[in-house]
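I have placed the structure first, in the form of structure tokens, so that the comments after it can refer back to it.
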Amino acid sequence: MSKIKFAVIGQGHIGKRHAEMVRRNSEAELIAVCDILPKDKLGLNDLKEKFYSTPEEMLSAHPEIEVVNICTPNGLHAKHSLLALESGKHVVCEKPMALNKAECENMIHKALQIHKTVFCVMQNRFSPPSAWLKKIVEEKIIGDVYMVQLNCYWNRDDRYYKKGGWKGTQELDGGTLFTQFSHWIDLLYWIFGDMKDIQAKFSDFNHANLTEFEDSGFVNFNFVNGGMGSINYSTAVWNSNLESSITIVGSKGSVKVGGQYMDQIEQCNIKDYTMPNLDPTNEANDYGAYKGSANNHPQVISNVIDTLKGRTTLTTNAMEGLKVVDIIERIYSLRNTDRKS
């Protein structure tokens with residue numbers, strides 16, 4: 001069978017990861033990559049594929065491209081996704097899908113108009129603990145959900161926020177919930193559904209000279225499907241990531257999945273239930289001085305190929321990507337008020 005032909009816009013840490021995962025898949029072919037920085041500054045002097053400095057030039061030169069992976073700064077996701085869609089390509093968009101709901105709607109409208117698919121990268125759904133949590137909630141193994149607590153305590157300091165870069169800017173970064181923790185908000189939405197009655201408090205403890213937004217927050221809400229929840233997050237932790245965890249209290253038991261990257265089952269106490277053996281969770285993406293979410297990008301690329309070849313359905317569809325952006329927008333709408341949303 002013919003290989004699916006990919007291109008990648010953006011060659012920072014995550015763009016290079018996408019390119020490598022495409023190369024490693026036997027049913028994929030990487031045609032070209034592009035970035036505004038020159039190859040030598042990106043460490044791409046040994047690149048075998050074509051390199052371009054603009055996506056317009058790349059797309060014009062290679063009509064054979066079928067899928068474009070968007071790995072640019074958050075604030076450019078919508079622009080570059082629309083550019084690829086207007087060229088008749090499928091899109092694989094890194095998180096977040098965009099920085100506001102209206103941009104997500106534009107992407108969805110264009111994709112529907114030209115019968116193309118927007119794949120949203122939410123790779124934490126592939127982690128075995130995440131799939132297990134969804135199963136015990138969906139099948140009511142844990143009973144009715146009473147309380148859910150998400151804790152995300154990470155380090156992002158001046159090793160991460162480089163002067164002159166896009167990270168930390170309101171326009172291109174968008175905020176801590178968009179860049180660091182949208183994966184975890186996606187898990188809340190994927191497992192428990194939408195939120196309402198949101199309340200929030202924010203603070204900027206030690207990022208005043210690094211970012212244009214908060215570094216920490218407390219958020220509480222009710223789930224539309226029943227039960228209440230909270231998100232406690234910070235990037236002000238000293239030196240290294242501390243914790244990414246979800247605790248669930250239900251009518252038939254309680255569980256906690258913790259560790260630095262939500263990769264360890266710390267507690268499982270459910271009535272008449274034996275905890276199954278789960279596959280190991282992939283290591284976190286390692287970016288040198290800091291680490292990110294689980295390295296499940298091989299599964300992301302495989303899901304794109306399997307979906308396009310008609311073997312399965314996409315793991316995260318564009319409407320789900322929009323909902324994550326919508327939830328974060330609603331939370332951030334409270335930054336200057338104490339009112340409920």
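Things worth noting here:
- Summarising the strand pairing of the chain, around 55 percent of its internal DSSP beta bridges are antiparallel.
- Each residue of segment 229-236 is assigned a 3J(HN,Hα), and the resulting list reads x, 8, 10, 10, 9, 6, 10, 8 Hz, derived from the Karplus form 6.51 cos²θ - 1.76 cosθ + 1.60 (θ = phi - 60°), x at Gly and Pro.
- Across the options Ala78, Cys34, Leu44, the greatest Cα extent toward the positive end of the charge dipole of segment 1-88 (unit charges at beta carbon of Lys, Arg, Asp, Glu) belongs to Leu44.
- Length-normalised contact order of segment 187-226 in % [C-alpha pairs under 8 Å, at least 6 apart]: 49 percent
- Convex hull of Cα atoms in segment 4-120, direction-averaged projection (nm²): 6.6 nm²
- Within segment 65-96, backbone nitrogen closer than 12 Å to the virtual label 7 Å beyond the Cα of Glu212 toward Cβ: 75
- Förster radius 22 Å - calculated FRET efficiency between Gln260 and Asn232 (Cβ-Cβ, nearest 0.05): 0.90
- Percent of Cα pairs exceeding the 37 Å cut-off, where the set is the chain: 17 percent
- Inter-label distance, His62 to Gln199: 5.2 nm, where each label sits 7 Å from its Cα along the C-beta direction.
- In degrees, nearest ten, helix 13-24 long axis to first principal axis of the chain (Cα): 70 degrees
- Radius, Kirkwood style, for segment 191-231 when every pair of distinct Cα atoms is counted (Å): 11.6 Å
- The relative contact order of segment 4-120 comes to 24 percent, based on Cα pairs under 8 Å that sit 6 or more residues apart.
- Note: relative contact order over the chain, using C-alpha pairs below 8 Å and six or more positions apart, is 19 percent.
- Cα long-axis angle, helix 101-114 against the chain (0 to 90 degrees, to the nearest 10): 50 degrees
- 3J(HN,Hα) from dihedral phi, segment 91-99, Karplus parametrisation 6.51/-1.76/1.60, rounded to Hz, x for glycine, proline: 10, 10, 9, 4, 6, x, 4, 6, 9
- Ellipticity at 222 nm from helices only: DSSP H runs of n ≥ 4 in the chain, each -39500 (n - 2.57), divided by the residue count, give -8500 deg cm²/dmol.
- Near Met195, the amide H atoms lying under 5 Å from its own belong to Val224; only residues 5 or more places off or on other chains count, and H is placed 1.01 Å from N.
- Working note: Cα gyration tensor of segment 125-292, eigenvalues times five, square-rooted, sorted largest first, giving semi-axes of 30, 18, 12 Å.
- Remark: spin-label model distance Lys39-Asn239 equals 4.1 nm, labels positioned 7 Å along the Cα→Cβ axis.
- Once the Kirkwood radius over Cα pairs is known for segment 52-167, the Stokes-Einstein relation at 25 °C and 0.890 mPa s delivers a diffusion coefficient of 144 µm²/s.
- Neighbour counting of Cβ atoms within 10 Å sorts the residues Tyr146, Tyr189, fewest neighbours leading, into Tyr146, Tyr189.
Each reported figure results from applying straightforward, stated rules to the coordinates on display, with no laboratory input. These numbers were taken from a predicted model, which means no experiment stands behind them. Here the Cβ is made from the backbone with ideal geometry for all residues, glycine too, and neighbour counts use every protein chain on show.
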